[in-house]
Amino acid sequence: MPESFRRVPAGLTVRAPAKINLHLGVGAPRPDGFHPLETVYTSVGLYDDVLVRPAAAWSLGLTAADHVDADAVPLDDTNIVAAAARALGILHDRPVVAHVEITKGIPVAGGLAGGSADAAAALVALDRLLDLETSDEDLLHLAAQLGSDVPFALYGGHALGTGRGEVVTPLDVNDEPLWWVIVPSSEGLSTPAVYRHFDALSPDAPAEPRSAEHVLKALETGSALALARTLFNDLQAPAIDLRPELGTLIAQGEEAGALRGIVSGSGPTVVFLCGSADEARGVAGALQETGHTALVANGPVAGAHVVAPPTF
Ligand SMILES: C[C@](O)(CO)[C@H](O)COP(=O)(O)OP(=O)(O)OC[C@H]1O[C@@H](n2ccc(N)nc2=O)[C@H](O)[C@@H]1O
Ligand SMILES: Nc1ncnc2c1ncn2[C@@H]1O[C@H](COP(=O)(O)OP(=O)(O)OP(=O)(O)O)[C@@H](O)[C@H]1O
């Protein structure tokens with residue numbers, strides 16, 4: 001092939017999903033301030049995309065869906081995507097620069113790990129763009145440095161999380177699709193603030209977090225109803241104490257036909273597990289009529305993955 005026909009790929013897009021904690025058991029804080037967790041993560045089809053293009057200097061842009069508060073995302077060095085680029089640069093001892101464009105579908109500070117999804121997507125995208133050939137082990141290590149939820153965003157699927165949430169073991173369980181209605185709030189909640197409120201409300205929390213055994217058994221059956229009965233979140237009580245309207249919302253969605261409603265992670269997003277796609281659409285419609293944003297999504301879905309072929 002003549003040299004003039006050889007084109008250098010101009011960019012690629014990596015997509016990463018939101019997460020929901022099917023079980024979130026939280027223990028008393030460790031000496032480093034983090035809380036020991038036993039959690040069961042699942043990924044859902046609500047995504048952020050990270051597009052990277054070759055560039056001589058670092059730049060970061062953002063486009064956001066209507067239900068996402070774009071103003072709440074910093075575009076300076078404090079963006080977790082910039083931190084991901086710095087971490088890759090340190091590992092490979094070279095500058096990691098690119099033009100990066102985040103397209104956000106995951107609400108900000110919503111308990112759905114949107115920033116973590118961006119970090120995981122950026123690690124994969126920048127690694128590919130710059131041919132860094134980072135090993136999976138190193139990617140997971142960098143992910144854990146960036147945040148407790150970031151390793152799971154690389155895996156997707158269903159997984160057990162231990163440690164502070166960063167030790168992820170993929171679960172080989174029934175992959176029947178689960179149907180969710182996701183109801184974000186217009187204002188986010190700070191994850192550290194919700195953990196601090198957990199400490200204030202539960203001064204005698206046991207060192208060991210509550211076991212995920214019931215959710216794990218229910219997942220094996222593939223029954224959404226069995227799973228609904230076992231959903232559990234230790235951060236729900238502090239999140240509702242900070243935002244009492246979340247309790248009302250949960251009751252409203254359950255009355256509208258959801259099998260169960262629960263606060264997602266540190267909140268304030270509430271997620272409703274439904275029996276089918278039709279039931280999810282019905283619950284979403286009922287909540288939309290009362291003025292809520294209600295998104296229908298299913299899962300589990302893949303973790304961070306390339307979605308667009310290189311553009312030329
Ligand atoms: C609530 C969850 O989303 C459940 O999966 C996660 O535990 C939060 O994970 P994340 O946002 O990736 O959290 P990180 O960025 O690692 O930590 C942010 C802050 O949350 C608190 N934090 C987080 C994880 C953990 N196991 N214990 C904590 O106390 C700490 O105050 C920490 O400074
Ligand atoms: N790329 C990013 N996307 C969203 N927020 C970011 C990003 N980079 C930095 N941030 C900051 O991180 C904070 C938390 O955002 P994020 O959306 O990850 O919260 P979350 O979904 O509650 O996370 P988690 O469920 O992991 O606790 C935001 O308020 C924002 O200031």
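Read-outs throughout are calculated quantities, based only on the coordinates presented, and are distinct from any laboratory measurement. Keep in mind it's a predicted model, so treat the numbers as computed, not measured. Positions of Cβ are generated from backbone atoms using ideal geometry, with glycine treated the same way; all protein chains shown enter the neighbour counts.
Using the Cβ-Cβ distance between H92 and D32 with R0 set to 41 Å, the FRET efficiency works out to roughly 0.90. Compared with the dominant principal axis of the Cα atoms in the chain, helix 136-146 is inclined by about 60°.
Quick one: compute the contact order of the range 178-299, relative version, from alpha carbon pairs under 8 angstrom and 6+ residues apart, as a percent. Don't skip to the end; give the middle numbers.
Details: 185 pairs, mean separation 49.9, N = 122.
Worked out over the range 178-299, it gives 41 percent.
Within the shell defined by Cβ-Cβ distances under 12 Å, the residues around S185 carry a net charge of -2, with Lys and Arg each +1 and Asp and Glu each -1.
Think of it as helices only: each DSSP H run of n ≥ 4 in the chain is worth -39500 (n - 2.57), and spread over all residues that comes to -10000 deg cm²/dmol at 222 nm. Build a GNM of the chain with springs between Cα atoms under 10 Å apart, and of P29, P95, P107 the one that fluctuates most is P95. Evaluate the Debye formula for the chain with equal point scatterers sitting on the alpha carbons, no solvent, and hand back log10 of I(q)/I(0) at q = 0.06, 0.08, 0.11, 0.16 Å⁻¹, in q order, two decimals. Listed by q, the Debye log ratios stand at -0.20, -0.35, -0.66, -1.32. By the equivalent-ellipsoid construction on the alpha carbon gyration tensor, the range 178-299 comes out with semi-axes of 24, 20, 10 Å, ordered largest to smallest.
Charging the Cβ of each Asp and Glu at -1 and of each Lys and Arg at +1, and nothing else, the dipole of the range 178-299 about its Cα centre rounds to 160 debye. Calculate the length of the line joining the C-alpha centroid of the range 236-312 to that of the range 102-124, in whole Å. Here the two parts' Cα centres lie 17 Å apart. Placing unit charges on the Cβ atoms only, positive for Lys and Arg and negative for Asp and Glu, gives the chain a dipole magnitude near 280 debye about its Cα centre.
Farthest towards the positive end of the charge dipole of the chain, among the residues A119, A251, V263, is the Cα of A119, using unit charges on the Cβ of Lys, Arg, Asp and Glu. Applying 0.36 nm per residue to the separation of A56 and D278 and subtracting their alpha-carbon distance, the gain on full extension is 75.0 nm. Taking all Cα pairs closer than 8 Å and separated by 6 or more residues, the relative contact order of the range 156-239 comes to 29 percent.
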